[in-house]
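S.K.: Here it is: the structure, laid out below.
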Amino acid sequence: MQSNQQSVKFLNEDICYYTAGRGRCVVLLHGFLGSSKVWNNIIPQLSKSYKVIVIDLPGHGQSNCLGYAHSMELMADSVFSVLKKLRIKKCVMVGHSMGGYVALAFANKYLSYLQGLCLFHSSSYADSEEKKKDRNRAIKIVKRSPKTFIKPMIKNLFAKRNLSYLKSELQTATEIALATPPKGIIAALVGMRDRTSSEQLLQKLQIPIMMVIGKYDGVLLENTLFKQYETVANKHLLYLKYDGHFGMLENPNASANALRKFLHYCYKK
Ligand code: MLT
């Protein structure tokens, strides 16, 4: 998957992406400290019937940083530049956590391009005041020592019970995160801290919306996500009752199967 790297210039910087398969289109957006590689376990399943586009968001993976702050809108525009280059007019967008915040910003501006949206361990809420303070603390730590911030943060994305047997998944996720440049980490933290709520937008959307919720998610708590799920009109759910915040690594089969079903529904195959 990572061998066919392509890129597009966005604000004079490279945004990198990868494609696999043919047919109707699904776009996969990773989360904070991730890269297109986090989807590697589920791409083979999806690309049997769909054209899969996986994008490295600005300041992550192979994509360049764009500045001191990567707002969700700026990242959504970078995603749009990839679709424009590939002449894609319709897609189902799947966003993991921060990637979901970006997908919602994309929906706000480019709704006609969406056939469906999946919030994969993600939410429409803005940061609370407490969370904003955490972001500021995190920025200070990253400036001093990125590793100190990254290692415990990545561990916390897995359900504790899964860590004993998902050693190589934890290692992969940690390696991806450690390869993220500090500038990219800080720009994303600033962007997430300052993002506005997409609650009203999500309530209004009539396109199919899938939510993936992990019982042991330590970042976005299941109760909060279920509360949000209630407000969605055209809703679909994958509840991972043994997993945390990293369904595509903790339970790739269930994730791929549910996404395939959702894609079939969106495209009415
Ligand atoms: C992510 O996984 O993208 C982040 O944990 C999301 C967040 O910190 O809000």
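S.K.: Taking the simple approach of a point 7 Å from Cα along Cα-to-Cβ for both LYS109 and LYS261, what is their distance in nm?
M.R.: 3.4 nm
S.K.: Which length gain, in nm to one decimal place, applies between LYS48 and TYR242 when the Cα-Cα distance is subtracted from 0.36 nm times their residue separation? Let's see the in-between values first.
M.R.: Details: separation 194, 0.36 × 194 = 69.84 nm, distance 2.71 nm.
Result for the pair: 67.1 nm of gain on full extension.
S.K.: Also, I was wondering about something else. Pairwise over distinct Cα atoms, reciprocal of the mean inverse distance: report the Kirkwood radius of the chain in Å, one decimal place.
M.R.: It works out to 18.2 Å.
S.K.: Could I ask something else about it? Just for the chain, what percent of DSSP beta bridges are antiparallel, to the closest 5? Display every interim value, and only then the final one.
M.R.: Values: 9 of 34 bridges.
Counting DSSP beta bridges with both partners in the chain, the antiparallel share is about 25 percent.
S.K.: Follow-up. Rounded to the nearest Å, what's the spacing between the alpha carbon centres of segment 154-182 and segment 18-80? Just the number, please.
M.R.: So the separation of the two Cα centres works out to 19 Å.
S.K.: Mind pulling up the Rg/Rh value for segment 1-144? Radius of gyration and Kirkwood radius, both on Cα. Don't skip to the answer; put the middle values down first.
M.R.: Values: Rg = 15.0 Å, Rh = 15.5 Å.
The Rg/Rh ratio comes out at 0.97.
S.K.: Okay, next question. Quick one: what do you get for segment 84-158 if you divide its Cα Rg by 2.2 N^0.38 Å? Present the calculation step by step, with values, prior to reporting the outcome.
M.R.: Details: Rg = 16.0 Å, N = 75, 2.2 N^0.38 = 11.3 Å.
With N residues counted in segment 84-158, Rg over 2.2 N^0.38 Å equals 1.41.
S.K.: Local charge sum around ASN162 (other residues, Cβ-Cβ under 9 Å, Lys/Arg +1, Asp/Glu -1)? Can you show the working numbers first?
M.R.: Details: positive: LYS160, ARG161; negative: GLU169, ASP243, GLU250.
Result for the local shell: -1.
S.K.: Follow-up question, since we're still on this one. Using the basic label-point model (7 angstrom from Cα toward the beta carbon), what is the ASN234 to LYS89 distance in nanometres?
M.R.: Distance between label points: 1.8 nm.
S.K.: Spit out the partnerless Cys residues in the chain, using Cβ distances under 4.7 Å as the pairing rule.
M.R.: Among the cysteines of the chain, those whose Cβ sits 4.7 Å or more from every other are CYS16, CYS65, CYS118, CYS266.
S.K.: Let me ask another. For the chain, what is the charge dipole size about the Cα centre, in debye to the nearest 20, if Lys and Arg each add +1 at the Cβ and Asp and Glu each add -1 at the Cβ? Don't jump to the answer; show the numbers that get you there.
M.R.: Numbers: 38 positive and 18 negative charges, 87 e Å.
Magnitude of the dipole: close to 420 debye.
S.K.: Need the full-extension length gain, PHE80 to SER168, defined as separation in residues times 0.36 nm minus the C-alpha distance. One decimal, nm. Let's see the in-between values first.
M.R.: Working: separation 88, 0.36 × 88 = 31.68 nm, distance 3.31 nm.
Extra length available between PHE80 and SER168 comes to 28.4 nm.
S.K.: Shifting gears a bit: In the chain, if the dipole is taken from +1 on Lys/Arg beta carbons and -1 on Asp/Glu beta carbons about the Cα centre, which of SER197, TYR125, MET98 is farthest to the positive end?
M.R.: MET98
S.K.: Among the lysines, which fall within straight-line cross-link reach of LYS131, defined as a Cα-Cα distance under 17 Å, with same-chain neighbours fewer than 8 residues apart omitted?
M.R.: Partners within reach: LYS140.
None of the figures in this text is laboratory data; all of them are computed from the coordinates on show. All figures in this text were calculated on a predicted structure; none of them were measured in a lab. Positions of Cβ are backbone-derived with ideal geometry, glycine not excepted, and every protein chain shown enters the neighbour counts.
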